[in-house]
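The values are calculated or read from the model by the stated rules, or taken from the named source; none is laboratory data. Given the structure is predicted, the values throughout are model-derived calculations rather than measurements. Note that we place each Cβ from the backbone using ideal geometry, even for glycine, and neighbour counts take in every protein chain shown.
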């Protein structure tokens with residue numbers, strides 16, 4: 001309903017940064033031709049020039065999937081640079097300042113977004129959504145929104161004249177929700193209890209990792225790969241049993257074929273004897289051919305045997321194939337979920353999805369059929385050769401020659417087919433990644449009207465994959481034509497050999513030999529083809545088993561004996577860092593250097609610093625997400641002596657993004673069924689979410705990612721999950737950024753009441769979040785430069801914390817200092 005009128009072109013910056021796998025330059029240009037002067041100016045005003053100097057390849061640095069190699073602040077600034085580089089009349093900026101610290105936010109506003117900034121000098125209209133109210137006084141026009149409606153609008157002077165204090169727009173919520181003791185004014189993005197890990201560091205030191213190329217073997221598939229598959233099915237014993245069933249089936253089939261020939265000879269003998277005298281008739285009665293009924297009974301029994309044993313064989317075979325697939329899936333998935341974060345940083349989601357979808361599908365559906373066909377054909381060949389040897393042994397020689405020729409042709413074919421199959425699998429991964437990335441950034445893509453660019457890139461990925469696929473299938477068809485040619489030549493030689501040979505064999509035997517040789521040659525051709533297909537499909541097993549050997553996170557086999565001496569750990573939540581060095585992977589530089597500090601039980605600690613200072617790396621080291629030197633103790637227990645499950649399940653974290661899974665409400669709150677319904681209802685009541693359950697109660701459906709709930713509801717659900725854990729340590733990583741003031745009030749109140757006896761560590765760009773905390777840890781270049789109460793740190797002349805506060809502007813800085821004095 002209603003109308004929205006606009007003139008000119010529009011650029012848009014989404015609240016959640018969206019980047020694609022490419023260089024930083026490609027993400028900024030986004031299909032627009034290069035203007036070097038404008039490009040350099042955009043990098044400068046978006047505070048990216050200093051960041052690019054940290055990367056060996058500068059703006060040519062390749063970003064990982066969704067820009068995973070950048071920090072949260074860097075992602076936001078790259079997205080802002082993309083919008084600014086596009087010369088537009090209107091710029092829609094959805095809270096791009098929330099992801100950066102106060103110093104960088106001031107830089108972006110003054111040099112880029114403000115009236116005297118880059119866009120202001122161009123005369124462009126800038127519509128900025130922000131929770132950082134200290135920038136409002138520098139705006140031309142302000143619109144105050146509340147519950148989807150315009151509460152007030154006008155120039156800063158008009159609003160002040162109406163009695164609206166711009167700096168108190170959020171301050172009212174602050175006082176209502178927290179009272180005189182706790183003063184905070186931001187909103188929670190998500191809350192989650194950490195059972196298996198910690199969210200990706202949001203702002204910290206950019207890891208400067210590049211997407212790894214997908215590797216594959218260049219050799220032909222070895223028999224050991226087939227033995228891995230056999231091992232998954234149950235081992236050699238199962239394999240022997242299945243081979244036995246195949247052999248028995250083939251023996252019955254061969255006997256049935258032979259019996260038909262024998263039956264025909266008996267009928268011919270009976271016809272011949274019936275035309276002789278009585279003496280011959282008496283010979284028939286005592287030693288003549290078998291009766292028709294006997295032959296029929298034997299043939300019927302043979303056919304029934306083939307049906308019964310064949311059905312049993314097929315059922316058993318496919319059941320064990322399903323077991324093999326499940327075993328290999330479980331092996332790979334266990335290794336996958338315990339892999340280091342380095343693996344996920346350097347491998348796009350599409351590559352992983354490709355392995356667990358397309359390759360898994362090939363192993364489930366195509367490989368069993370090719371194994372069945374190959375095994376059955378080999379036994380058919382052996383059976384036919386036995387029959388031929390019994391009737392006409394000299395035909396074995398040309399058959400062996402044929403087999404040798406076909407095996408030679410197969411060896412040539414396998415050298416190319418397996419590599420083209422691997423190439424097809426590798427080139428399929430970018431398609432998955434591109435689709436996932438495109439769907440995630442649809443709003444940005446449509447706002448920039450670059451659908452054709454993304455379609456073109458998709459077509460390029462598809463063409464590369466189609467080319468590899470076409471090459472593979474072309475090779476199959478060429479190989480099939482060669483086999484057909486060899487088969488027809490061989491068949492012609494067999495037929496003409498009977499015309500040239502002088503033989504006194506009966507006609508039934510000649511017919512049997514021709515039939516068996518024809519069937520044998522056809523079987524050899526089919527068997528060679530299917531055996532090649534089997535080894536081609538084993539490449540799927542090879543690709544999956546590559547994930548079985550992923551490097552896993554280092555941890556002790558069992559928890560420290562110190563835990564056995566205490567009833568509960570952690571009991572108080574004291575934390576101590578001693579000489580901690582931290583880096584994301586072996587070749588990476590240190591992001592924490594000789595870090596030493598101690599946090600007392602139940603203390604509320606704020607962690608601040610400029611982008612890249614090492615704030616989120618402290619969380620990474622606490623959760624042991626990468627390589628650590630030094631000692632981190634919690635309640636006097638060294639975390640290096642604990643399993644990752646014990647450590648991570650003992651710390652709750654409130655990351656930026658809510659974590660919900662497709663399933664029921666109960667499974668999202670209590671995935672391991674450890675709590676009663678009464679406890680779950682109480683946790684929902686504490687966050688005022690009892691009403692969202694609906695008529696199904698705790699069995700209400702939760703869509704993937706919690707898409708059927710609002711952002712605030714998802715965050716409150718994650719908070720309820722954290723309350724259930726009752727851990728003594730709570731970590732908040734910029735957890736109050738993107739929700740409405742009412743949700744912020746509820747979350748802050750709940751945290752204050754439910755975590756009063758917990759040690760709380762809060763990383764914040766918004767300083768009013770931590771101005772009432774017990775102490776503040778100030779980070780700079782991976783080291784702790786200041787640590788004390790907010791009031792003490794503000795009194796340090798030229799102190800880092802004082803400079804960060806002053807960078808927010810005179811009015812906001814005064815407000816923050818007043819908050820610190822009240823503590």
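Values for this structure:
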quantity	calculated
Test result for residue 560, in contact with a strand residue (DSSP E or B) (Cβ under 9 Å, 6 or more places away or on another chain) and either crowded, with 18+ Cβ neighbours inside 10 Å or over 28 Å from residue 336 (Cα atoms) (or both)	no
Any hit, the range 18-35, residues being touching a strand residue (DSSP E or B) at 6+ places or on another chain (Cβ under 8 Å), at pLDDT below 85 and either more than 22 Å from residue 135 (Cβ to Cβ) or not assigned by TED's automatic domain parsing to the domain that holds residue 430 (or both)	yes
Check on residue 294, surrounded by 15 or more Cβ atoms within 10 Å (Cβ to Cβ) and either within 43 Å of the chain's Cα centre (by Cα) or modelled with pLDDT of 80 or more (or both)	no
Among (1) at negative phi; (2) in contact (Cβ under 8 Å) with a residue 24 or more places away in the chain; (3) not assigned by TED's automatic domain parsing to the domain that holds residue 749 - the single one residue 688 does not satisfy	(1)
Test: residue in the range 467-485 that is in contact with a strand residue (DSSP E or B) (Cβ under 9 Å, 6 or more places away or on another chain) and either surrounded by fewer than 17 Cβ atoms within 10 Å (Cβ to Cβ) or at pLDDT below 90 (or both)	no
Helices (runs of 4 or more DSSP H) wholly inside the range 322-422 that include at least 2 residues being closer than 23 Å to residue 249 by Cα and out of contact with any helix residue (DSSP H, G or I) (no Cβ under 7 Å at 6 or more places or on another chain)	367-391
Sole residue being assigned by TED's automatic domain parsing to the domain that holds residue 727, exposed (fewer than 14 other Cβ atoms within 10 Å of the Cβ) and within 27 Å of the chain's Cα centre (by Cα), chosen from 598, 586	586
Leading residue by the ranking (nearest to residue 125 (Cα to Cα)) among those in the range 88-106 that are surrounded by fewer than 19 Cβ atoms within 10 Å (Cβ to Cβ) and within 36 Å of the chain's Cα centre (by Cα)	92
Spans of helices (runs of 4 or more DSSP H) in the range 563-682 with at least 3 residues at positive phi	none
Check on residue 380, modelled with pLDDT under 80 and over 30 Å from residue 493 (Cβ atoms)	no
Test set (1) more than 32 Å from the chain's Cα centre (by Cα); (2) at pLDDT below 90 - residue 49 fails condition number	(1)
Listing of helices (runs of 4 or more DSSP H) fully contained in the range 109-198 that carry 2 or more residues being surrounded by 14 or more Cβ atoms within 10 Å (Cβ to Cβ), in the same structural domain as residue 84 (by TED's automatic domain parsing) and modelled with pLDDT under 80	none
Matching option when the condition is within 29 Å of residue 764 (Cα to Cα) and touching a strand residue (DSSP E or B) at 6+ places or on another chain (Cβ under 7 Å), among 721, 648, 624	721
Residue in the range 651-662 that is touching a residue at least 60 places away in the same chain (Cβ under 8 Å), within 20 Å of residue 558 (Cα to Cα) and surrounded by fewer than 20 Cβ atoms within 10 Å (Cβ to Cβ) present	no
Residue match in the range 12-27 (condition: crowded, with 21+ Cβ neighbours inside 10 Å and assigned to a helix (DSSP H, G or I))	yes
Count of residues meeting criterion [in contact with a helix residue (DSSP H, G or I) (Cβ under 6 Å, 6 or more places away or on another chain) and not in a loop (DSSP other than H, G, I, E, B)] in the range 30-50	4
Candidates 73, 58 - the one that is closer than 24 Å to residue 590 by Cβ and surrounded by fewer than 24 Cβ atoms within 10 Å (Cβ to Cβ)	58
Residue under evaluation residue 577, criteria (1) in contact with a strand residue (DSSP E or B) (Cβ under 9 Å, 6 or more places away or on another chain); (2) in contact (Cβ under 8 Å) with a residue 60 or more places away in the chain, criterion not met	(2)
